[in-house]
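Engineer: Below: one structure in structure tokens.
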Amino acid sequence: MPFCAPSATKGLSGEVRVPADKSISHRLVLFSALAQGLSHLRGVLDCADVRSTLAAVHALGATVHVSRGACGLDVDVTGWGPSGPSSPPGQIDCGNSGTTARLLAGALAGYDVVVTLVGDESLSRRPMSRVTGPLSAMGAHLVASAQGTLPLTIEGTRLHGAHVDLNVASAQVKSAVLLAGLRAEGRTTVCEPAPSRDHTERMLPAFGVEVIRDATCASVTGPALLHAIDAAVPGDPSSAAFFAGAAAIVPRSDVVISGVSLNPTRTGFLRVLERMGAHIEVTPGEDTCGEPTGDVRVLFTDGLRATDVEPEEVPALIDEVPLLAVVATQATGVSRFRRVGELRVKESDRLRAIVEGLGALGAHVWVEGDDLLVSGPGALHAASLDSLGDHRLAMAYAVAALVAEGGVRIERMEAIDVSYPGFVGDLMRLMADHEVHGDA
């Protein structure tokens, strides 16, 4: 369904609480299913991707009770514990969720089950060899399609510990290997070329599993049993990024994003915005499951500067590159995002889409090899854009529309339901709040 995105002529103002973190929600649900006992999870993100994980663990034998909570879903999960999962009667549909597919591949590889994972058209184009290769080195038996994609059949077997060096930093692949290590005999170590999201390493100790961390390596020793926990999910930094970026580039804006995860492996976009000159204030809050949280205030900043995003920074902000590219269109100079070729195998070819989408708005954006370059500042104008069914692109285009002259039409805006169904409503409220309070 097309969406006519508005411009924010009077700025954005107010406080917003973004949905719960998707990566943490996935892991809490899956780890609770692996655990022995009843876990009480509060504030789980209610979106299509997490619903895929909830449905998957239920099909595999976990008891799942879901109710509407004050901030998302309240979920009770009774895990299968040492008895292990059950082979489902049919295929497990992972929808659009790469996290569901890749983490399940690792979690199930050491159990006596046969499971086939499928997904939607987009997920079925995404590569699975990057996870099947490391897991095979541990003795796992996984069969993907001839193209190395879904459907993926997992034929559980006995695993052995291994030392795995990843060529590309990937939180999903790292987590899959560590989860397989929980069922393997001996120590499993996974090392990355650069730090990626570390939610799994932070969360497993809360479930009673020791994780040894050394620089960009993490190790577990199996077989290990997880125990049930009570936990709450903080706000999603990736969702928060869109409001932070919008506030930085829309004149007269002052936005507070409350209760968001401040995990350093997820807040690379804040560090980049600060380097560009954005006015950002962070107020720390409580920790949950090893995750720091807090409030983030961002004010409009005149005279943003271009910056270079180095390869070692990319894993901590890969999902925020579309948003940062929008911000870069309003900064002085040429911003270069180095080695972001990973964007080609996300929910869409985001690298190509960023160039085409922002180019249609009048921005000067191009690719050199695996580098994305954006020259600014530049005036953006009306255009009709296609999100390609990609939630990150849909929200990034909506932020670009805020500073564009004329209307921006976004096709397939419903893609935001994957991670942030209420995004448009929250954006409109911040615009309305400014109209009420900003000109007083």
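Engineer: Charges on Cβ only, +1 for Lys and Arg, -1 for Asp and Glu, centred on the Cα centroid of the chain; of Ala396, Val340, Val164, which one is farthest towards the dipole's positive end?
Structural biologist: Most positive-ward Cα: Val164.
Engineer: Apply the Kirkwood formula to the stretch 345-440: the hydrodynamic radius equals the inverse of the mean of 1/r over all pairs of different alpha-carbon atoms; give it in Å with one decimal.
Structural biologist: Answer for the stretch 345-440: a Kirkwood hydrodynamic radius of 14.4 Å.
Engineer: Quick one: compute a quarter of the convex hull surface over the Cα atoms of the stretch 21-102 and quote it in nm². List each step's numbers first, then the result.
Structural biologist: Details: hull surface 19.7 nm².
The directionally averaged projection comes out at 4.9 nm².
Engineer: Please list 3J(HN,Hα) in residue order for the stretch 372-381, calculated via the Karplus relation 6.51 cos²θ - 1.76 cosθ + 1.60 where θ = phi - 60°; whole Hz, with x for glycine and proline.
Structural biologist: For the stretch 372-381, the Karplus curve yields 9, 10, 9, 9, x, x, x, 6, 9, 10 Hz.
Engineer: Which shape class applies to the stretch 280-438: rounded if a/c is under 1.5, otherwise prolate when a/b exceeds b/c and oblate if not, where a ≥ b ≥ c are the square roots of the Cα gyration tensor eigenvalues?
Structural biologist: Rounded, because the longest to shortest axis ratio a/c is under 1.5.
Engineer: While we're on this one: In whole percent, what relative contact order does the chain give with Cα contacts below 8 Å and a gap of six or more residues? Intermediate values should be presented prior to the final figure.
Structural biologist: Details: 1112 pairs, mean separation 79.9, N = 440.
Reported relative contact order: 18 percent.
Engineer: Give me, ordered by chain and number, the residues 5 or more places off Thr63 or on other chains with an amide H under 5 Å from its own placed amide H.
Structural biologist: Long-range HN contacts for Thr63: Thr78.
Engineer: Here's another thing I want to ask about it. Efficiency by 1/(1 + (r/R0)^6): what FRET value for His364 and Ser83, r their Cβ-Cβ distance, R0 = 60 Å, to the nearest 0.05? Kindly include the intermediate steps, with their values, before the conclusion.
Structural biologist: Details: r = 59 Å, r/R0 = 0.98.
FRET efficiency, His364 to Ser83: 0.55.
Engineer: Accessible area, 1.4 Å probe, largest first: how do Ser348, Ser67 sort?
Structural biologist: Ser67, Ser348
Engineer: Also, quick follow-up: Computed on alpha carbon atoms, what radius of gyration and Dmax characterise the stretch 42-190, expressed in Å?
Structural biologist: Rg then Dmax for the stretch 42-190, in Å: 15.1, 45.
Engineer: Under a Cβ-Cβ limit of 4.7 Å, which cysteines in the chain have nobody to pair with?
Structural biologist: Within the chain, the cysteines lacking a partner Cβ under 4.7 Å are Cys4, Cys47, Cys71, Cys94, Cys289.
Engineer: Let me check against my output: what whole-number percent is the relative contact order of the stretch 185-275, with C-alpha pairs under 8 Å and at least 6 apart?
Structural biologist: 27 percent
Engineer: Right, next: Roughly how much of Arg126 is accessible, in Å² to the nearest 10, using a 1.4 Å probe?
Structural biologist: Its accessible surface works out to 10 Å², give or take rounding.
Engineer: Another question about this same structure. With the contact rule set at Cα under 8 Å and sequence spacing of 6 or more, what percent relative contact order holds for the stretch 109-154?
Structural biologist: With pairs under 8 Å counted, the relative contact order is 52 percent.
Engineer: Same structure, new question: How large, in percent, is the carbon and sulfur part of the accessible surface of the stretch 47-127 at a probe radius of 1.4 Å?
Structural biologist: Heavy-atom surface of the stretch 47-127 belonging to carbon and sulfur, 1.4 Å probe: 50 percent.
Engineer: How far is helix 391-402 tilted, in degrees, relative to the longest principal axis of the Cα atoms in the chain, given as a value from 0 to 90 rounded to the nearest 10?
Structural biologist: Around 10 degrees separate the two axes.
Engineer: To the nearest 10 square angstrom, how much accessible area does Arg344 have with a 1.4 angstrom probe?
Structural biologist: Near enough 100 Å² of accessible area.
Engineer: As an exercise, take the mean of 1/r over every pair of distinct alpha carbons in the stretch 333-376, invert it, and state the Kirkwood radius in angstroms.
Structural biologist: Its Kirkwood hydrodynamic radius stands at 10.4 Å.
Engineer: Once the Cα atoms of helix 48-59 and of the chain are each reduced to a long axis, what angle between those two axes, in degrees from 0 to 90 to the nearest 10, is obtained?
Structural biologist: Between the helix axis and the principal axis of the chain, the angle is about 10 degrees.
Engineer: Hey, another quick one. Kindly sort Asp287, Asp74, Asp112 by accessible area of their heavy atoms, largest first, with the probe set to 1.4 Å.
Structural biologist: Ranked from most to least accessible, the order is Asp112, Asp287, Asp74.
Engineer: With a 1.4 Å probe and all protein chains kept in place, how much accessible area does Val190 have, in Å² rounded to the nearest 10?
Structural biologist: 0 Å²
Engineer: Can you list residues from other chains, or at least 5 along the same chain, whose modelled amide H is less than 5 Å from the amide H of Glu291?
Structural biologist: For Glu291, whose amide H was placed from the backbone, there are no distant partners under 5 Å.
Engineer: A further question follows. Give the percent of DSSP beta bridges with both residues in the chain that are antiparallel, rounded to the nearest 5.
Structural biologist: Numbers: 56 of 81 bridges.
Restricted to the chain, the bridges split so that about 70 percent are antiparallel.
Engineer: Something else about it: What is the sum of charges, Lys and Arg at +1 and Asp and Glu at -1, for the other residues whose Cβ falls under 15 Å from the Cβ of Pro85?
Structural biologist: Once positives and negatives cancel, what remains is -1.
Engineer: Sticking with this one: Along its three principal axes, how long is the chain when you only count alpha carbons? Whole Å, largest extent first please.
Structural biologist: If we take the Cα atoms of the chain, the spans are 62, 45, 41 Å.
Engineer: Could you derive backbone 3J(HN,Hα) for the stretch 336-351 from the dihedral phi with the Karplus parameters 6.51, -1.76 and 1.60 (θ = phi - 60°), listing whole Hz in sequence and x where the residue is Gly or Pro?
Structural biologist: 10, 9, 8, 6, 10, x, 4, 5, 6, 10, 8, 4, 9, 7, 5, 5
Engineer: Follow-up. Tell me what the chain gives for mean residue ellipticity at 222 nm when only DSSP H runs of n ≥ 4 count, each as -39,500 (n - 2.57), the sum divided by the residue total, rounded to 500 deg cm²/dmol.
Structural biologist: -8500 deg cm²/dmol
Engineer: Computed over the Cα atoms of the stretch 180-336, what is the ratio Rg over Rh, Rh following Kirkwood?
Structural biologist: Dividing the radius of gyration by the Kirkwood radius yields 1.06.
Engineer: To the nearest 10 degrees, how steeply does helix 423-433 sit against the main Cα axis of the chain, on a 0 to 90 scale?
Structural biologist: 40 degrees
Engineer: Place a point 7 Å from Cα of His163 in the direction of its Cβ. Which residues in the stretch 131-148 have their backbone N less than 16 Å from it?
Structural biologist: Those under the cut-off are 137-138.
Engineer: Kindly sort His65, His160 by accessible area of their heavy atoms, largest first, with the probe set to 1.4 Å.
Structural biologist: Result, largest first: His65, His160.
Engineer: Using the heavy atoms of the protein chains alone and a 1.4 angstrom probe, what is the accessible area of the stretch 192-304 per residue in square angstrom? Numbers along the way, then the final one.
Structural biologist: Details: 3950 Å² over 113 residues.
I get 35 Å² per residue for this part.
Engineer: I've got another one for you. Magnitude of the Cβ-charge dipole of the chain, K/R +1 and D/E -1, about the Cα centre, nearest 20 debye?
Structural biologist: Dipole of the chain, to the nearest 20 debye: 540 debye.
The values are calculated or read from the model by the stated rules, or taken from the named source; none is laboratory data. None of the values given here were measured: they were computed from a predicted structure. Heads up, the Cβs are rebuilt from the backbone with ideal geometry, glycines too, and the neighbour counts pull from every protein chain shown. These area figures cover heavy atoms from the full protein model, side chains too; ligands, DNA and RNA do not enter into them. Shrake-Rupley method; radii C 1.70, N 1.55, O 1.52, S 1.80 Å.
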